[in-house]
Structure formats: C-alpha cells, structure tokens
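What follows draws every value from the coordinates through simple rules; no lab data is involved. Just so you know, these numbers come straight off a predicted model, no measurement behind them. Positions of Cβ are generated from backbone atoms using ideal geometry, with glycine treated the same way; all protein chains shown enter the neighbour counts.
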Amino acid sequence: MRIIAGKHRGLALASVGKGDAGAHLRPTTDRVRESLFNLLLNGGYGDPVDGARVLDLFAGTGALGLEALSRGAAHVTFVDDGGKARALIRENVGKCKAEGVTKIFRRDATKLGEVRGAPFDLIFLDPPYGKGLGERAMGAAFSGGWVAPGALIVWEDNSPITPPAGLSVLDSRKYGDTLITILQADEE
C-alpha cells in the first residue's frame, strides 16, 4: 500500500497484508484508490479534495484520508473503534508527518455524537460489507452535524447501498467486488 499522488506520492504505508478479518480491516487497494480519486477529480465535481475538511469513517489504515491529505486536503479526522486500526493510522500519520492536520477518534462510527468544530466537506465511508453499518453511520453523521451542506460522500461497499434522506447518488462504479458510490448531501 502506498500514497498514489500528491506531496507524499510513492510513500509506502503500513500494511496489514490481505487484511485482518478479526479486526475487520480490508484495505482499499492502490488500484481502487487511484480510480476513486481519478473519478473525484475528473468527474465534474471540481476539485473536492483541495482545501477540504475530510472525515474518514471506518478508517482502517487511514489510506483514503491520507491520500486526500497528500492531494491537498486541509484536515483529516479518522474514526475507528478498533485498536489495531488506530495503531496503523497513527503509524501512517507519522510516516506522512501529518500530526498537526489530523485527528484520530476512538469511536463507533454509528454513534458519532455531536461534532466538535466545523462539519466536513468530503467523507469517506468504508464500513464492513453487508452489515448496514454505512446507513447507520451516515444517520449518526447527519444527526450530529458532521456533514457540511453539499458535502461529497464516497461510500465503499460490495453491493448497492440505500442512501439515507438528505443524500443524492451522483455516480456508482464497480471495481472487482468493490462498489464505489459517490453521493452529495443536500445544500440545506
């Protein structure tokens, strides 16, 4: 696993091999991450990464948020309740020397509570597949004020999702067994 582009291009990140089933870690492959960011940057959304406040829910290794940071995001908040995941995120944040522009929360993404600070412009959501956790996490994000009006949400799953009220599907692409859905929050 490595950073694909930006100021940390080519930087190797801490690896969990093919994933850690016990810790529910299933890192997004470099190829899928590259395709996802190409879609974000060339899909008619402007540049949703540059200067963005990014929320990485079910962050795992933190690769999605760190890729955004490498490409110009202003801040990334990582949320994961797994000890192994948070250790990997801390290691990867250290490799990127990004301690000053990141926060790591030990929290269940489906029980976020109220946001402390400004809401987020770009949200990565990569829950364990097929358990309905993405829907619950987005519900918690909306009710806690974590989602900025017009925010883009990148939702990774293995089957079509049912977006909660307040989100519109903009695009959906399949990469192997991974389905990436890009959504936008209502402007109000």
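What is the extension gain from Asp108 to Asp171, computed as 0.36 nm multiplied by their sequence separation minus the C-alpha to C-alpha distance, in nm to one decimal? Provide the component values of the computation, followed by the final result.
On the way: separation 63, 0.36 × 63 = 22.68 nm, distance 2.71 nm.
The Asp108-Asp171 span can extend by a further 20.0 nm.
Just how large is the dipole of the range 102-145 about the Cα centre, in debye to the nearest 20, putting +1 at every Lys and Arg Cβ and -1 at every Asp and Glu Cβ? Write out the running numbers ahead of the final one.
Values: 7 positive and 5 negative charges, 45 e Å.
Once rounded to the nearest 20, the dipole reads 220 debye.
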Quiz item: In this model, which of Lys97/Lys174; Lys7/Lys111; Lys103/Lys131 are farther than 30 Å apart at the alpha-carbon?
Solution: Lys97/Lys174; Lys7/Lys111
Self-check item: Efficiency of FRET from Cβ geometry, Asp50 and Thr162, R₀ 35 Å, rounded to 0.05
Solution: 0.70
Quiz item: Placing +1 at every Lys and Arg Cβ and -1 at every Asp and Glu Cβ, with all other atoms neutral, what dipole size does the range 21-185 have around its Cα centre, in debye to the nearest 20?
Solution: 420
Quiz item: Among Thr61, Thr181, which comes first, second and so on when ranked by fewest other beta-carbon atoms within 10 Å?
Solution: Thr181, Thr61
Exercise. Quick one: among Val49, Val101, Val154, which has the greatest mean-square fluctuation in a GNM of the chain with alpha-carbon springs under 10 angstrom?
Key: Val101
Quiz item: Under a plain spin-label model, where a point goes 7 Å from the Cα along Cα-to-Cβ, how far apart in nm are Lys97 and Ser143?
Solution: 4.3
Exercise. Taking only Cα atoms and a 10 Å spring cutoff, compute GNM fluctuations for the chain and point out the largest among Ile153, Ile123, Ile104.
Key: Ile104
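Rounded to the nearest 500, what is the chain's calculated 222 nm mean residue ellipticity when only DSSP H runs of at least 4 contribute -39500 (n - 2.57) each, over all residues?
Details: 4 runs with 45 residues, N = 188.
Per the formula, -7500 deg cm²/dmol.
In units of 2.2 N^0.38 Å, what is the alpha-carbon radius of gyration of the range 92-145?
Values: Rg = 12.8 Å, N = 54, 2.2 N^0.38 = 10.0 Å.
Compactness ratio reported: 1.28.
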Quiz item: Which of Leu55, Leu122, Leu41 moves most in a GNM of the chain, Cα contacts under 10 Å?
Solution: Leu41
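Taking every DSSP beta bridge with both residues inside the chain, roughly what % is antiparallel (nearest 5)?
Details: 16 of 35 bridges.
Just about 45 percent of them are antiparallel.
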Practice problem: Could you please rank Asp81, Asp56, placing first whichever residue has the fewest other Cβ atoms within 10 Å of its Cβ? | Solution: Asp81, Asp56
Self-check item: Karplus-derived 3J(HN,Hα), 6.51/-1.76/1.60, for each residue of the range 100-109, Hz, glycine and proline x
Solution: x, 10, 9, 9, 10, 10, 8, 7, 6, 5
Quiz prompt | Where trypsin sites (Lys or Arg not before Pro) fall in DSSP loop in the range 92-188, at most 13 other Cβ within 10 Å | solution = Lys97, Lys111, Arg116, Lys131
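Per residue, how big is the convex hull of the chain when only Cα atoms are used? Give it in Å³. Intermediate results must be reported in sequence, preceding the final value.
Values: hull volume 19.7 nm³, N = 188.
So the per-residue hull volume is 105 Å³.
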